[in-house]
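Structure first, then comments.
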Amino acid sequence: MQQIAIGIDLGGTQVRAALVDERGSLVARREELTDANGGPDRILSQIRTLSDELLATVKPSDVVGIGVSAPGPIDTVSGIATSIPTLSGFVDFPLRAELQKRFPFPVSLEHDGIAAAIGEWTFGAGKGVDNLIYITVSTGIGGGVIADGRVLRGRKGMAAHIGHMSVAPDGELCPCGNRGCFEAYGSGTAFMRRARARAAECSDTTLGRPGEDIHSRDVFAAARAGDALANRLIDEEAEILGRGFTSLIHIFSPDMLVMGGGLSNEFERLQPGIQGYITQWAMPGFKDVKVLRAALGQNSGLIGAAALAFLAESIRLEGPSLVANR
Ligand SMILES: [Zn+2]
């Protein structure tokens, strides 16, 4: 009998749902734009509708459970969404309990960064290792940590908000309200902001012709066409990421770093700069830690959510002592 899990990746832009088999393969998927202003009832009904469409294609007895990856902060110990900035109405909302009411299967809930780390660890670039850090570099910067062969969740399950390491009190303003955070310099949003500002004061660039906005992909395209400013901006971005990643290496001593998120679409261009920074500035003994691209691409969180359901099932079957920490 083939077992299937449902993975849900609830994001600020899209709600994605998939049937995933035990090998981590996507059997079927559905997605739609998140009604971010619709409130919790509306979002829950989006999740329910997408799941029902998928469930119509399989035997209910083959489904082990449903895993949900959601943006935080969420207290995943109590299952309560404290406040989700990208989704209106999710303030002190009992998300896991409300999800569980809508499904006859066990529901697991995890932060998006941790869910993606579990996905890459179980089915992706980090299969078989005991220590990895997943980092998503996109609108913001987030992540998840696997340490000593287990998922690091921390108090309230909120560990690894790695975008908010702050060491510069007068630095750039971060969406979290603090200044000088890693995210405020290294995210895709920060990269675009820097590109717009620098293009405006540079006369010798193809970036930002009058009336044209600049997105990350434009900078990479211009760089490939030989634009010097675009190449400088990318090298600086790689250095910023390298600096943040080097701190993470020093703190957690991972076997590897796995980079996902929108900017990982340009991993080949960014990787030499990131790896070069690590080689130069990590302390001896840490210099050989490699940065890899997320093997599951933009599906790390979606497949990771399904992996959660499989892990919860194995804990039920085998007992917590064997697999509790996974
Ligand atoms: Zn911050």
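Values quoted throughout were computed directly from the atomic coordinates according to the rules given, and no laboratory measurement underlies them. What you see is a predicted model, and the numbers here were worked out from it, not measured in a lab. Cβ sites come from the backbone with ideal geometry, for glycine too, and all protein chains shown count toward neighbours.
Points worth noting:
- DSSP beta bridges fully contained in the chain are about 60 percent antiparallel.
- Segments 56-63, 223-230 sorted - mean Cβ within 10 Å per residue, highest first: 223-230, 56-63
- Calculated over region 1-102, the projected area of the Cα convex hull averaged across directions stands at 6.3 nm².
- Our coupling estimate for region 11-20, obtained by passing each phi through the Karplus curve with A = 6.51, B = -1.76, C = 1.60 and θ = phi - 60°, is x, x, 9, 10, 9, 10, 9, 8, 8, 10 Hz, Gly and Pro reported as x.
- Total charge dipole magnitude, region 129-294, about the Cα centre, Cβ charges on Lys, Arg, Asp, Glu only, Debye to nearest 20: 440
- Long-range tail of P(r) for region 170-312 (Cα pairs > 25 Å, %): 37
- About its Cα centre, the chain has a charge dipole of approximately 340 debye under the convention of +1 per Lys or Arg Cβ and -1 per Asp or Glu Cβ, with nothing else charged.
- Gaussian network model of the chain, springs between alpha carbon atoms under 10 Å - residue of SER203, SER108, SER25 with greatest fluctuation: SER203
- The label-point distance for ASP204 and ASP170, in a model that sets each label 7 Å from Cα toward Cβ, rounds to 3.1 nm.
- Ordering of 158-166, 92-100, 117-125 by burial proxy (mean other Cβ atoms within 10 Å per residue, highest first): 117-125, 158-166, 92-100
- Approximate spin-label separation ALA97-VAL27, in nm, with each point projected 7 Å along Cα-to-Cβ: 3.2
- Computed [θ] at 222 nm, deg cm²/dmol, the chain (DSSP H ≥ 4; -39,500 (n - 2.57); rounded to nearest 500): -12000 deg cm²/dmol
- Among VAL68, VAL291, VAL91, the largest mean-square fluctuation in a Gaussian network model of the chain (Cα springs under 10 Å) belongs to VAL91.
- The alpha carbons of the chain stretch over 63, 48, 36 Å along the principal axes, in descending order.
- Label point distance in nm, ASP62-ARG179, each placed 7 Å from Cα along Cα→Cβ: 5.7
- Gap separating the Cα centres of region 4-36 and region 50-125, nearest whole Å: 10
- All lysines inside 22 Å of LYS59 as judged from Cα atoms, apart from same-chain residues fewer than 8 positions distant: LYS101
- Sequence-distant residues sharing a close amide H with THR136 (under 5 Å, placed H): GLY142, GLY143, GLY260
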